[in-house]
1. Do we have B:ALA208 as within 25 Å of B:LEU399 (Cβ to Cβ) and open to solvent by less than 10 Å² (accessible area, probe 1.4 Å) here?
2. Read through the list (1) touching a Cys at 6+ places or on another chain (Cβ under 8 Å); (2) more than 8 Å from chain A (Cβ to nearest Cβ), then give the number of the only condition that B:ALA370 fails.
3. Give me the pairs, please: first residue somewhere in segment B:291-310 and without any contact (Cβ under 8 Å) to a residue 60 or more places away in the chain and facing another protein chain (nearest Cβ under 7 Å), second residue anywhere and surrounded by fewer than 21 Cβ atoms within 10 Å (Cβ to Cβ) and polar (S, T, N, Q), beta-carbon distance under 8 Å, and either six or more positions apart or on two chains.
4. Give the residue that is farthest from the other protein chains (Cβ to nearest Cβ), with candidates limited to residues of segment B:335-351 that are of a type outside the set (A, V, I, L, M, F, W, C) and under 17 Å from B:ALA256 (Cβ atoms).
5. When segment A:121-170 is examined, which residues are found to be at the interface with chain B (Cβ under 8 Å from one of its Cβ atoms) and more than 20 Å from B:LEU117 (Cα to Cα)?
6. For segment B:357-381, which residues satisfy the criterion of being farther than 15 Å from B:ILE232 by Cα, in a loop (DSSP other than H, G, I, E, B) and not polar (S, T, N, Q)?
7. Within the bounds of segment A:188-201, is there any residue that is within 30 Å of B:VAL122 (Cα to Cα), touching a helix residue (DSSP H, G or I) at 6+ places or on another chain (Cβ under 9 Å) and surrounded by 23 or more Cβ atoms within 10 Å (Cβ to Cβ)?
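The values are calculated or read from the model by the stated rules, or taken from the named source; none is laboratory data. Bear in mind the structure is a predicted one, so any value in this text is a computation, not a measurement. Every residue, glycine among them, receives a Cβ derived from its backbone with ideal geometry; neighbour counts consider all protein chains shown. Ligands, DNA and RNA are stripped out before the accessible areas are found, and what is left, the full protein with its side chains, is counted by its heavy atoms. Shrake-Rupley method; radii C 1.70, N 1.55, O 1.52, S 1.80 Å.
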Protein chains: 2
Amino acid sequence: MAVAELGHAYTTTDFSNSRFLTYVSSSTRLSYHRRLSYRNLPRTPTTAIRCSVTSDKIQAPVGIDSKQKPDCFGVFCLTYDLSDLKAEDQTKSWKKMINVAVSGAAGMISNHLLFKLASGEVFGPDQPIALKLLGSERSFGALEGVAMELEDSLYPLLREVSIGIDPYEVFEDAEWALLIGAKPRGPGMERADLLDINGQIYAEQGKALNAVASRNVKVMVVGNPCNTNALICMKNAPNIPAKNFHALTRLDENRAKCQLALKAGVFYDKVSNVTIWGNHSTTQVPDFLNAKIHGIPVPEVITDRKWLEEDFTKMVQTRGGVLIKKWGRSSAASTAVSIVDAIRSLVTPTPEGDWFSTGVYTNGNPYGIAEDIVFSMPCRSKGDGDYELVKDVIFDDYLRKRIKKSEDELQAEKKCVAHLTGEGIAVCDLPEDTMLPGEM
Amino acid sequence: MAVAELGHAYTTTDFSNSRFLTYVSSSTRLSYHRRLSYRNLPRTPTTAIRCSVTSDKIQAPVGIDSKQKPDCFGVFCLTYDLSDLKAEDQTKSWKKMINVAVSGAAGMISNHLLFKLASGEVFGPDQPIALKLLGSERSFGALEGVAMELEDSLYPLLREVSIGIDPYEVFEDAEWALLIGAKPRGPGMERADLLDINGQIYAEQGKALNAVASRNVKVMVVGNPCNTNALICMKNAPNIPAKNFHALTRLDENRAKCQLALKAGVFYDKVSNVTIWGNHSTTQVPDFLNAKIHGIPVPEVITDRKWLEEDFTKMVQTRGGVLIKKWGRSSAASTAVSIVDAIRSLVTPTPEGDWFSTGVYTNGNPYGIAEDIVFSMPCRSKGDGDYELVKDVIFDDYLRKRIKKSEDELQAEKKCVAHLTGEGIAVCDLPEDTMLPGEM
């Protein structure tokens, strides 16, 4: 038995010093270092981090190259080699650890999301996880705070947490990159300015993913304007499959389902096949034509066509603004839930007959939507992280017309960021403000 | 098949009007109303709540007395009778719904906790849940915001959400009451003042639980000073078993485990049998004597006695303060995680040989601790919501002495709130400020 074996050693060794750690490292892998990966940043004193291990306390196990690892944090610098544990340990049946990188990790959406990732709610109860948290120089203290709260949460599946401000280090070997970080729109700032400012961030992060992430990394872009940010990120990461890049429209889908449920007077679990088409902006199209309630097409259940064509879309889109008014802050919790839903839709098989929405690259799409943009469309997954576009959807003139408007907008946005996608000189002509209310 | 049967009806009926709902109500239970339970409060216009159902849209199903229900919210006013669904529905195998009341529901801890409750992480994937949210007049808008975010999250297990500001309505039939709401300590306020102010809240909530909650409601007090608040609540609820009242010390336990793991250089899942004794204040005693690492007593693993006796306790207690400094806000996320842990410890069997800490009523305790206070002690549970105190713990002079100090403090706190427990005139003599850093 593992405990008894270790117990024998314990009786003859002083476990408060480095020998204990060297001993344990014979059956476990320890990454001991708390290296500074962020450059030119004044170091906060290590003594203030109560739960961290400093290298003077413990010795490096032989055979681990500390240069190959990003900044581990505190207790997460003590990581077991899960494959090397005794058979009775529950971790024996666990899958191979996955690396999940999160940008904007010190923000409010992440403050909800990270704990969901660590709990097993997203990737399942047998999937150990390493979280790689990207913050900014300004937010570094908050990033440490989040890491401390993750330590104190004692999640068994959470085996590594590393923090940093350099995407080239934080994204290393990432199998998922959840890109939440973005600059909020300042006063008087146009959507074009925002496209440029955040586009630069996403161009850099795309380059970093291209350089250091897993070759099959799945990228979920949440920071706004998310469709074009995802396009920029993708264009800067030519070695990663284009279809791996997603722009989050799942919160819109969830809100649309709720509104349809309310109008029809059914519980929301009876609403299916809801597509959000297009851009995550006010040109987005919540599709009631293909949506179903109790398996029946929505237009047969909700016969109020005026409500469907006018009020429905408005209700989905103004939800965030209403919430800010009520609640005084943006919808961080439900956004995090929708990111969980979006990931789970890719790692679990889609229920028979249903689909989900996600903003993906349009090349090869069967709907006649312009190529070379990131557009939210209906998808199905076998649960392998990949997806395919749904073929059996119908269109009418109303739906076609509205999809076209969102398509036009995304093509205009693409022209605004040509300098960031390597496609020449940017020409920006965005007549309307299409930011969703309550979003930054 | 349910869908086909309903489909037949759909083809002959206009489902956008009330007949649809009346039809559905023949096989499902609908509670249609959105009644105002809060008294003397100016009503926010219903139109601003985008996801709510107003009674003019749908008719009341026969046989449901709307007076017997608290305020339902939005889509949660459309609730299925889970026991009456067709066999192919996944909900068929679900347990009977439980009612969970949460006070301070518009606050940051709840903003994390409610989504965990709704997701199934706490009570399991087959346990449908009704959330009853208690807020204040001031926070009512935020409370609606939280309910809206819960709507948009589409959690299948979350079947009812009701909101209100009157505990006599919100606590009705509650099987769990998670009491988080408390006034923060204002500038210059003494602990004695806080005991009085929050004690009054907990006295009222105890009376409300006594009047309307389930006769076996489990009560978890989080609002500070939580031990004495729990005592006050209990004393005002004589018809509810005294052992059902808990004061949360689980975050302290989790933090203690993390610190022991770090000092020993092991991952935190190897630390067990950690007790927090006493008050949730600086007199609390994180017990290293009975704690184990890899099944070995901690003093044999960590031989640095000075660290154990001095630094360890301090590290556990200052954690919240360090976090506030880093992060700019209090540890809402990890507090919510610890509430989840505390509940799960009562609804799942305690692992063989281990235990957990919770503040409970001392009457009949085997440790010689003074009776008639709420004191954190080591417990085990069969997973039925109940617990028993652990008998095989050891004490040394150091541990005894420190436990005595916390015991003395809680007895002094009890004297401060005699007017709230029905035990005469309050006499308050609390020499020290024992609030934990970073807590309000």
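1. On the way: within 25 Å of B:LEU399 (Cβ to Cβ): no; open to solvent by less than 10 Å² (accessible area, probe 1.4 Å): yes.
Considered against the rule, which asks whether it is within 25 Å of B:LEU399 (Cβ to Cβ) and open to solvent by less than 10 Å² (accessible area, probe 1.4 Å), B:ALA208 comes out as no.
2. Failing condition for B:ALA370: (1).
3. Final answer for the pair search is B:GLY295/B:SER272; B:GLU300/A:THR11; B:VAL301/A:SER16; B:ILE302/A:SER16; B:THR303/A:SER16; B:ASP304/A:SER16.
4. Of all residues in segment B:335-351, those of a type outside the set (A, V, I, L, M, F, W, C) come to B:335, B:338, B:341, B:344-345, B:348-351.
If we keep only those that are under 17 Å from B:ALA256 (Cβ atoms) too, we end up with B:335, B:338, B:341, B:345.
Working: B:THR335: 9, B:SER338: 8, B:ASP341: 8, B:SER345: 12 Å.
Going through the qualifying residues, I end up with B:SER345.
5. Selection gives A:GLY141, A:ALA142, A:GLU144, A:GLY145, A:VAL146, A:MET148, A:GLU151, A:ARG159.
6. Within segment B:357-381, B:GLY364, B:PRO366, B:TYR367, B:GLY368, B:ILE369, B:ALA370 meet the criteria.
7. Pass one, segment A:188-201, residues within 30 Å of B:VAL122 (Cα to Cα): none.
No, every residue in segment A:188-201 fails to be within 30 Å of B:VAL122 (Cα to Cα), touching a helix residue (DSSP H, G or I) at 6+ places or on another chain (Cβ under 9 Å) and surrounded by 23 or more Cβ atoms within 10 Å (Cβ to Cβ).
To keep it simple, each residue is scored yes or no on (1) at pLDDT below 95; (2) within 20 Å of B:GLY120 (Cβ to Cβ); (3) not in a helix (DSSP H, G or I).
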site	(1), (2), (3)
A:LYS86	yes, no, yes
A:LYS92	yes, no, no
A:VAL102	no, no, yes
A:ALA105	no, no, yes
A:ILE109	no, no, no
A:LEU114	no, yes, no
A:ALA118	no, yes, no
A:LYS132	no, no, yes
A:ARG138	yes, no, yes
